Amino acid sequence: MTDPVERPARIVDAHVHLWDPARSDWYPYLAGGLDLGMGDVSGMARRFDLATYRAEAAAWDVVKWVNVAAATGTHSIDETLEIGRRPDGDRPDAVIGGVTPTASVTEALEQLDRQADAAGFRGVRPMGRFAGPLPHVDVLRALRDRGLVFEVLARPAQLEEAARGLEGLDDLVVVVEHAGWPATGDDDERAVWRRGLRALAGVGPAVHCKISGLAAPLGTLAPATLRPWVEEALDQFGADRCFFASNFPVDGLHVTLDGLWDAYSAVTADLGPAVRDALFAGNAERVYGI
């Protein structure tokens, strides 16, 4: 018998979606009104709040949460404001809002300023398809000047382009969502993904990698399958620029919340307690200022 893996002392979940499918205008894909190309998504079409999260992860010491925009288009701005109004105990510690591709630079800056009134607002992710992986450079500069985070949501084929677009924005804090968001995990895509991660890691120390969203492309979070992907992210960015997140309830299509944290715990079992604390909590606390 092998000894049980010691669990991390605490967890900061850096990517959750606290949503209510009853808001079909905000989340049409949960009500069958928008196809995300993910197949049957009925398993994630459920009300998900912090009480639900705590119940499903009761065996783990999850101490803080980062909500990431999930409402479509400009609804993501209203979502940020609504979440920021929630009472203590029902509100995440940080909120990543949205910025839309249809907005002009002036409109995008207005979106940032509107969301600034929300408690816990820390930055934005793209909500819709831009012509490339990044919004206009003036929007990125505005994020930098406001001390906000930009989260890159781009497939492997766009990661090198994203890296080029971030050159010269050394003080902009950037988070690469879903470890570069692979779609299939096949060998060809993996080679492109690896080059993209290397390019983004090379931009500078303000670029970080959020290890999340791997259950869908890998089809499993079995440690033997997950480990090479986690190790690649750690090799490229270093343990001081990576952190784990659940992507729940989306990854709940493939794994339980308990099983997800168990998988991350297993693949880091050989790392020291200080490194594990950084990956599971400390780095996210630093990046999001929580």
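Computed values, structure above
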read-out: Kirkwood hydrodynamic radius of segment 226-287, from inverse mean 1/r over distinct Cα pairs, in Å; value: 12.1 Å
read-out: Option label - Cα extents along the principal axes in Å computed here, alternatives (i) 53, 49, 43; (ii) 61, 41, 35; (iii) 66, 52, 45; value: (ii)
read-out: Vicinal HN-Hα couplings computed from phi for segment 285-290 (Karplus, 6.51 cos²θ - 1.76 cosθ + 1.60; Hz; Gly/Pro x); value: 4, 5, 5, 9, x, 10
read-out: Chain lengthening between residue 188 and residue 6 when straightened (0.36 nm per residue, less Cα-Cα); value: 62.0 nm
read-out: Relative contact order computed over the chain (Cα-Cα under 8 Å; 6+ residues apart), in percent; value: 20 percent
read-out: Residues 44, 38, 127 arranged by fewest to most Cβ contacts within 10 Å; value: 38, 44, 127
read-out: Gained length - residue 104 relative to residue 36, 0.36 nm times residue gap less alpha-carbon distance; value: 22.0 nm
read-out: For the chain, built as a Gaussian network whose Cα springs stay under 10 Å, the top-fluctuating residue of 45, 116, 59; value: 59
read-out: For segment 241-246, 3J(HN,Hα) per residue [Karplus equation, 6.51 cos²θ - 1.76 cosθ + 1.60, θ = phi - 60°, Hz, x = Gly/Pro]; value: 10, 10, 7, 8, 7, 8
read-out: Extension gain, residue 271 back to residue 286 (0.36 nm per residue minus Cα-Cα distance, nm); value: 3.4 nm
read-out: Burial ordering of 64, 210, fewest other beta-carbon atoms within 10 Å first; value: 64, 210
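Taken together, the values in this text are just the output of simple stated rules run on the coordinates, not laboratory data. Not measured: the values here are computed from a predicted model. We place every Cβ from the backbone using ideal geometry, glycine too, and count neighbours over all the protein chains shown.
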